[in-house]
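**Q** This is the structure I want to talk about, given as structure tokens.
The values are calculated or read from the model by the stated rules, or taken from the named source; none is laboratory data. Predicted model only: the values in this text are computed from it and were never measured. Please note: Cβ atoms are built from the backbone with ideal geometry, for glycine as well, and neighbour counts cover all protein chains shown.
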Amino acid sequence: MAVSTMLKRYSIDVILFEDREIGGLLNNAWRVENFPLLSPSSGEILCKKLKDHLSSHNVDVFNEHVVSVRDNMVITDRSEYSADRVILATGTRPRRLHDFEVSSNVVYEFRDLPADSKNIAVYGAGDMAFDSAIKARSRSMGVLQFCRGKHVRAIPALVSEARSSGVDFHSAEPIYHVKSENSKLVIETSSASYLVDGLLICIGRDARLPELDNCRYEIIGDARGEPFRQASIAVGDGVRTAMKIATEW
């Protein structure tokens, strides 16, 4: 998004491809506090601002999934487009546990949980897992959070907030089996069995890129596969890349 609007400021034509929602994973966030000069806000509010920003700069947004980049062509699941330069801000994909995917109630993003969930399980101990658990509690859901080991990777502020919000955290209690039972899930761990409406798996993410056969592209943001993934870093990366392209144009 940032690279698109910055390029428009340089009067460079831009097409933005988005296969789901503007903002990506940011849509799931309970609270975003790492944007300097902006008050802490929910992911939904910030994504609304991103959409408004794109609209005010007249950026064309195509809801299509980019499959590959070949020579000067961008190939999506619907059509093909020519481009002089391609900027890939395709983000990440979740590390999946295929054996646990017994129904559509097993998801990898908060926004995909069943809309009528009353009780959920979260599997993971990183920032995304804790942020999602807190968000669920803010919506009056019961939350069981399971960690495979004793090591918690999330920042202390999130861990403290989760504890105070009532998240039922189970350290060193890995999930061994998941089965579908009517419209619910049975979660079996090393210690007990639990009945929940949905399971959110947050055990890590890896860079997501389309098939590439073109040297005229830039990879920015989380798609770089670097360990430090923050929305504010991605925005800065986008602005820097747009300025670099503009000076070369």
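**Q** Considering only segment 156-168, how many residues are touching a helix residue (DSSP H, G or I) at 6+ places or on another chain (Cβ under 6 Å) and either more than 10 Å from PHE130 (Cα to Cα) or outside any helix (DSSP H, G or I) (or both)?
**A** 3
**Q** Something else now. Answer yes or no as to whether ASP222 is of a type in the set (Asp, Glu), at pLDDT 95 or above and out of contact with any Phe, Trp or Tyr (no Cβ under 9 Å at 6 or more places or on another chain).
**A** No.
**Q** Test ARG139 against the stated conditions and say whether it is at pLDDT 95 or above, among the basic types (Lys, Arg), surrounded by fewer than 18 Cβ atoms within 10 Å (Cβ to Cβ) and within 20 Å of ARG31 (Cα to Cα).
**A** Yes.
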